[in-house]
Structures are given as structure tokens and as C-alpha cells.
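Report on the structure given below.
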Amino acid sequence: MDYSLYPRNNVLCIDMRSFYASVECIERGLDPMTTMLAVVGDMSREGSIVLASSPELKRRYGLSNVNRYFDIPLDPRIIVVPARMGLYVEKSLEITKYLNNFVPPEAIHVYSIDESWITTNGTEKLFGDRWEVAKKIKQGLMDEFGLPCSIGIGDNKFLAKVVMDLYAKKEGIAECRYEDVERLLWPVKVGKIWGIGSKLEKRLYMMAIRNLGQIARRSIKSLRREFGVMGEQLYWHAWGIDLSPVIGDFTKPENKAFGNGITLLRDYNGEEVKTVILELCEEVCYRTRMSKKVGRTIQLSIGYSKEESGGFSRSMSIDTPTNITMEVYSICLELFDKFYKKGSLIRRVNVSLSNLCEENDLQLDLFHDRTKEDNVSKVMDDIKNKFGTTAILRASSYTDAGISINRSKKIGGHFA
């Protein structure tokens with residue numbers, strides 16, 4: 001591979017170690033690296049997921065975010081606390097603000113609540129080379145917030161992320177340039193590489209592909225034939241090449257669809273779930289209107305309970321794009337009545353609106369005056385924007401089947 005044809009940047013991938021658990025330790029005046037602490041989504045449910053466990057708890061008991069509340073050992077030294085998503089979001093914003101001391105906003109790409117990429121091109125005279133910047137950020141986050149982190153350094157986002165996952169979590173800071181790909185990445189099993197999930201891993205194993213080097217030795221044509229566009233990405237990533245932008249406005253991604261879904265806390269029957277569908281339509285259309293968009297394709301996905309696996313996911317496109325709640329809801333009901341297996345209990349629901357265009361591009365419909373619906377939606381949106389999302393709700397939201405009030409107390413599905 002002739003790497004001289006591809007851009008070289010100084011990209012750092014910064015991952016806050018066991019972020020939720022570390023924040024909870026600091027709030028209690030405890031050392032995040034030596035304390036055994038677990039953060040649980042909902043302590044009122046034994047089956048609730050462990051959102052985070054401190055490094056010491058992981059080391060001693062192997063507890064991670066695939067475990068449940070009931071998996072936590074009965075060790076009196078272990079501290080179990082409920083999730084406080086609002087606190088974690090606040091700390092994440094403070095950390096992002098701190099990174100602005102080293103690079104401008106357009107060089108920061110927040111990937112998740114506990115992980116970010118930054119590009120340090122051109123900052124050498126201010127802070128030194130990429131390693132010096134990484135060391136200063138790592139120490140600064142510890143001094144400022146008491147929070148440990150791992151940092152990967154690479155020519156692009158992919159290399160920085162992968163070397164952080166594979167090596168920096170043990171070494172603190174690790175680097176992978178183009179010339180290091182064959183030595184550091186090719187021997188690694190495909191399932192450990194960022195972007196390769198369990199299903200893709202199984203398909204690769206069926207092709208006798210076990211590690212990244214074996215992907216690199218395949219022809220791009222054969223990978224594209226087997227996996228489509230994903231195969232082409234696999235090939236380039238196997239060689240350490242990623243052309244994702246490292247400078248830009250990463251705070252306003254262009255939405256191709258608006259969707260909302262929920263895994264219900266109990267099984268719902270066919271009648272009860274219609275309230276959930278309506279509330280999800282309300283949320284989806286509200287977000288669509290806030291973005292001044294309308295959509296033409298409505299999709300409804302239903303997952304049945306564990307006792308009865310399966311479900312369906314169906315969509316319908318309409319002639320005139322919309323962002324009106326009751327119009328989207330009526331289509332969802334039509335899909336539900338057509339594909340729902342009567343008597344089945346339901347545990348998962350998802351509604352989405354796609355095939356978007358600008359609201360201003362919407363042509364008037366001579367046969368359907370939407371003025372009244374638009375006015376009602378505008379009034380409801382204004383009230384929600386001023387007083388909060390639960391300031392005005394439909395009557396069905398106050399029934400036992402309603403989810404909006406409970407969801408308003410959560411961030412990312414967990415209590416704030």
C-alpha cells in the first residue's frame with residue numbers, strides 16, 4: 001500500500017475509563033482505580049443492566065456492562081449506586097469544554113458521552129508534538145476532574161480509535177501510524193476491531209477470515225461482492241485507511257430520518273400498545289417539526305415478548321410529506337392492524353419518519369386543508385419548548401399504558 005497517497009493527521013481518541021463509575025467515585029471522594037463500584041440503571045429491578053463498573057471491579061470479578069444487577073457479587077466492599085445520567089452529561093460537557101484549551105471547536109468530534117476525537121494539527125508550537133499533547137490532556141483530566149482516561153494516537157480516526165481500544169486501555173497512551181498497521185493490527189482477531197459486530201464476525205469466520213491481516217490480503221473486489229459497500233470499508237480499514245473528515249462541524253449531523261423506540265418495562269397487549277405508538281409518533285413528529293422537515297415514509301416496528309419471539313417491521317410511503325402527529329399515527333395504526341399477530345404480547349416498539357425534505361418545500365394540498373392541524377401542532381410545540389416536554393400531553397398519556405411521563409425523567413433510557 002502506498003501510504004503517501006493518503007492524508008496524515010495527528011488524531012487523538014480520548015476515552016474516559018469506566019466513565020459513569022469513575023464519576024460516582026469522585027462524587028464520593030473515592031479513588032476510581034481502587035474502589036469497587038457498580039452503576040445500575042434501575043435498582044428497583046433485579047434484572048436491570050449494570051451500566052458501568054469500576055476498573056477494580058472489572059479486574060476482580062470480571063463485571064461489565066453485559067451483566068445484570070443480580071450478577072453483582074455479595075461482597076460488602078462493592079458499592080452499588082443508581083445511574084444519574086444528568087450528572088454524567090454535565091461532566092461530559094465540562095470535559096469537552098476543557099479540550100477546547102488544546103484545539104478549536106472544529107477540531108473536536110464528540111463520539112459519545114465518554115469518548116471524543118481531537119485533531120492536533122498545527123498546535124505543535126503551543127503544546128508540543130502529539131505525544132506531548134496526549135500526556136498533557138491525560139494528566140490535565142486527572143488533575144481537573146480526578147478522572148482517568150486512555151488515549152489512542154493515529155493518522156486518522158480509525159487508527160486512533162482502534163489502537164485506543166486494543167492497547168491504550170492497558171498502556172494509558174498508544175500510537176498506531178500507517179507503518180504500524182501490519183505489526184499492531186493485522187494479528188488481531190476481527191471480533192475485537194471497532195465496527196465489526198458479532199454477525200459480521202460470524203460471516204467472516206465462515207470465509208476462514210480470523211484476523212485483520214486476512215482481510216487485507218483479500219481482494220477488494222471479492223469483499224465487495226460478499227459484503228457490498230461494507231466489504232470495501234473492511235478492506236480499507238484493514239490497511240488502516242480512513243478518509244473521514246477530521247476538521248469540521250461535527251455537532252449538527254444531517255438527519256436522514258427521525259425515529260424513536262422503546263423496550264417496554266412489561267408486556268403490552270394489542271390495545272394498550274396503541275397508546276405507546278401514539279406517544280412515539282408525538283415525539284418523532286415534534287423533533288421533525290423542530291428541524292423544519294417533513295417526511296414521506298413512515299415505519300413501524302414491533303417486537304413480541306420473550307415468550308413469543310418475533311415481530312414485524314413494515315413501512316408505508318405517502319404522496320404528501322407530513323410532520324403532523326395524527327397523520328403519522330393513522331398510518332402506523334394501518335400497518336399495525338395489517339401485520340400484528342392478534343393476541344401476541346408486545347415488548348418493543350419503534351416509529352420512524354424518513355424520506356425527508358424541507359418543510360418550506362411542501363406544496364399545498366387542494367383537497368386537504370392542514371391549517372387547523374398545523375396550528376394545533378405549533379401551539380403544543382410552543383408550550384413544550386417553554387415549559388418542558390410534559391407540560392402538555394394527550395389524555396392517553398395519563399393511563400397505565402402511557403410512557404411519556406416516565407420517559408421524561410430519563411436521559412438515554414436511564415434516570416437522570
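The values are calculated or read from the model by the stated rules, or taken from the named source; none is laboratory data. These figures come from a predicted structure and were not determined experimentally. Ideal geometry is used to build each Cβ from the backbone, glycine not excepted, and the neighbour counts take in all protein chains shown. Each accessible area value is taken on the protein alone, full model and side chains, heavy atoms only, with ligands, DNA and RNA left out. Shrake-Rupley method; radii C 1.70, N 1.55, O 1.52, S 1.80 Å.
Determine the share of region 57-216's accessible area contributed by carbon and sulfur atoms, expressed in whole percent, with a 1.4 angstrom probe.
53 percent
Please report, in debye to the nearest 20, how large the charge dipole of the chain is about its Cα centre when each Lys and Arg carries +1 at its beta carbon and each Asp and Glu carries -1 there.
1080 debye
Residues of region 238-271 with amide nitrogen under 15 Å from the 7 Å Cα-to-Cβ point of Glu359?
258
Output wanted: per-residue J couplings in Hz (rounded whole) for region 195-207, from phi through Karplus 6.51 cos²θ - 1.76 cosθ + 1.60, θ = phi - 60°, x for Gly and Pro.
Each residue of region 195-207 in turn: x, 10, x, 5, 5, 5, 4, 5, 5, 5, 5, 5, 9 Hz.
When the chain is fully extended, how far beyond the present Cα-Cα distance does Ser222 get from Glu94, taking 0.36 nm per residue of separation?
Extending this stretch completely gives an extra 41.5 nm.
log₁₀ I(q)/I(0) of the chain at q = 0.06, 0.08, 0.13 Å⁻¹, via Debye over equal Cα point scatterers, no solvent, to two decimals?
Those come out to -0.32, -0.58, -1.36, one per q.
For region 242-314, with only Lys/Arg (+1) and Asp/Glu (-1) charged at the beta-carbon, what is the dipole magnitude about the Cα centre, in debye rounded to 20?
So the magnitude is around 440 debye.
Which percent of Cα-Cα pairs in region 1-119 sits in each 5 Å bin, short to long?
The percentages, shortest bin first, are 2, 11, 19, 18, 15, 12, 9, 6, 5, 3, 1, 0.
Students often forget the sequence filter, so: which lysines lie under 23 Å Cα-Cα from Lys341 once same-chain residues fewer than 8 apart are removed?
Correct list for Lys341: Lys274, Lys306.
So what's the gap between the Cα centers of region 95-163 and region 305-339, to the nearest angstrom?
About 43 Å separates the Cα centre of region 95-163 from the one of region 305-339.
Among Phe312, Phe158, Phe19, which one shows the highest mean-square fluctuation when the chain is modelled as a Gaussian network with alpha-carbon springs under 10 Å?
Looking only at Phe312, Phe158, Phe19, the biggest GNM fluctuation is shown by Phe312.
If you take every DSSP beta bridge fully contained in the chain, what fraction is antiparallel? Give it as a percent rounded to 5.
Just about 85 percent of them are antiparallel.
Distance in nm between label sites at Lys338 and Lys306, each 7 Å beyond Cα in the beta-carbon direction?
Going by the 7 Å Cα→Cβ label model, 3.3 nm.
Between Asn269 and Asp180, what is the label-point separation in nm under the 7 Å Cα-to-beta-carbon projection?
6.1 nm
Return the lysines within reach of Lys170: Cα separation strictly under 22 angstrom, same-chain partners fewer than 8 residues apart disregarded; answer none if there are no such residues.
Cross-link targets: Lys58, Lys135, Lys136, Lys138, Lys157, Lys161, Lys189, Lys192.
Per residue of the chain, what 222 nm ellipticity follows from adding -39500 (n - 2.57) for every DSSP H run with n ≥ 4, rounded to the nearest 500?
Helix-only estimate at 222 nm: -10500 deg cm²/dmol.
Could you tell me whether region 54-132 comes out rounded, prolate or oblate from its Cα gyration tensor? Rule is a ≥ b ≥ c as square roots of the eigenvalues, rounded for a/c under 1.5, then prolate if a/b exceeds b/c, otherwise oblate.
It comes out prolate by the Cα gyration axes.
Quote the FRET efficiency, to the nearest 0.05, computed for Asp71 versus Met33 with a Förster distance R0 of 25 Å and r equal to the Cβ-Cβ distance.
0.65
Mind putting a number on the dipole of region 73-113 about its Cα centre? Charges go on the C-beta only, +1 for Lys and Arg and -1 for Asp and Glu, and I need it in Debye to the nearest 20.
It works out to roughly 120 debye.
Compute a Gaussian network model of the chain, connecting alpha carbons closer than 10 Å, and tell me which residue from Ser244, Ser396, Ser53 fluctuates the most.
Of Ser244, Ser396, Ser53, the most mobile in the Gaussian network model is Ser244.
Along the charge dipole of the chain, Cβ charges K/R +1 and D/E -1, which of Ser377, Ile277, Met43 sits furthest on the positive end?
With unit charges placed on the Cβ atoms, the residue in question is Met43.
What ranking do 9-16, 107-114 get when scored by the average of other Cβ atoms within 10 Å per residue, highest first?
Descending packing order for the listed peptides: 9-16, 107-114.
Which aspartates and glutamates does Lys202 reach when only Cα atoms under 19 Å apart count, and residues fewer than 8 places away in its own chain are ignored?
Straight-distance partners of Lys202: Glu226, Glu232.
Round to the nearest 10 and report in Å² the accessible area of Lys91, as given by a 1.4 Å probe over the protein chains' heavy atoms.
50 Å²
If the chain between Met207 and Asp374 were fully stretched, how many nm would it gain, using 0.36 nm times the residue separation less the Cα-Cα distance?
54.7 nm
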